[in-house]
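The values are calculated or read from the model by the stated rules, or taken from the named source; none is laboratory data. Everything quoted here is computed from the prediction, not taken from an experiment. Note that each Cβ is placed from the backbone with ideal geometry, even for glycine, and that neighbours are counted across all protein chains shown.
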Amino acid sequence: MVGSAGLAAWIAQIAFWALLLIGVGFGELGRKGGAFFAALWLLGSFGLQFVPSGGMLLTPYLAIVDIILVFVIFKGDVRLN
């Protein structure tokens, strides 16, 4: 059974890749922007392994990258109501 931390990790991963595909697909990021954010994902996924307790930092790191992607793609915050 997956706990709430595991679910949050899955949501962060899915949101990242969805936002990256939306950004590149609609031309909001471009190839260089997409490559930059993919490099940030690689840095977090593989670089945090060398930091003590770095595995626990991947989900918050990815959530911050997701927020930055939302701001870049949608030119601001997304209203939910």
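For VAL24, all conditions in the list (1) within 17 Å of ILE67 (Cβ to Cβ); (2) buried (at least 16 other Cβ atoms within 10 Å of the Cβ) hold save one; what is the number of the exception?
Only one criterion in (1) within 17 Å of ILE67 (Cβ to Cβ); (2) buried (at least 16 other Cβ atoms within 10 Å of the Cβ) is unmet by VAL24, namely (1).
Any idea which residue in segment 47-79 is modelled with the highest pLDDT, counting only those that are exposed (fewer than 15 other Cβ atoms within 10 Å of the Cβ) and among the small types (Gly, Ala, Ser)?
Ranking the candidates gives GLY47 first.
Could you identify the single residue in ALA18, ALA12, ALA5, ALA35 that is exposed (fewer than 14 other Cβ atoms within 10 Å of the Cβ), assigned to a helix (DSSP H, G or I) and either touching a residue at least 12 places away in the same chain (Cβ under 8 Å) or in contact with a helix residue (DSSP H, G or I) (Cβ under 6 Å, 6 or more places away or on another chain) (or both)?
Step by step, each of ALA18, ALA12, ALA5, ALA35 is checked, and only ALA5 is exposed (fewer than 14 other Cβ atoms within 10 Å of the Cβ), assigned to a helix (DSSP H, G or I) and either touching a residue at least 12 places away in the same chain (Cβ under 8 Å) or in contact with a helix residue (DSSP H, G or I) (Cβ under 6 Å, 6 or more places away or on another chain) (or both).
Here are some conditions: (1) modelled with pLDDT of 85 or more; (2) touching a Leu at 6+ places or on another chain (Cβ under 6 Å). ALA39 meets all but one. Which one does it not meet?
Against the list (1) modelled with pLDDT of 85 or more; (2) touching a Leu at 6+ places or on another chain (Cβ under 6 Å), ALA39 comes up short only on (2).
Condition (residue is in a loop (DSSP other than H, G, I, E, B), within 26 Å of GLY6 (Cα to Cα) and of a type in the set (Gly, Ala, Ser)) applied to segment 48-55: is it met by at least one residue?
yes
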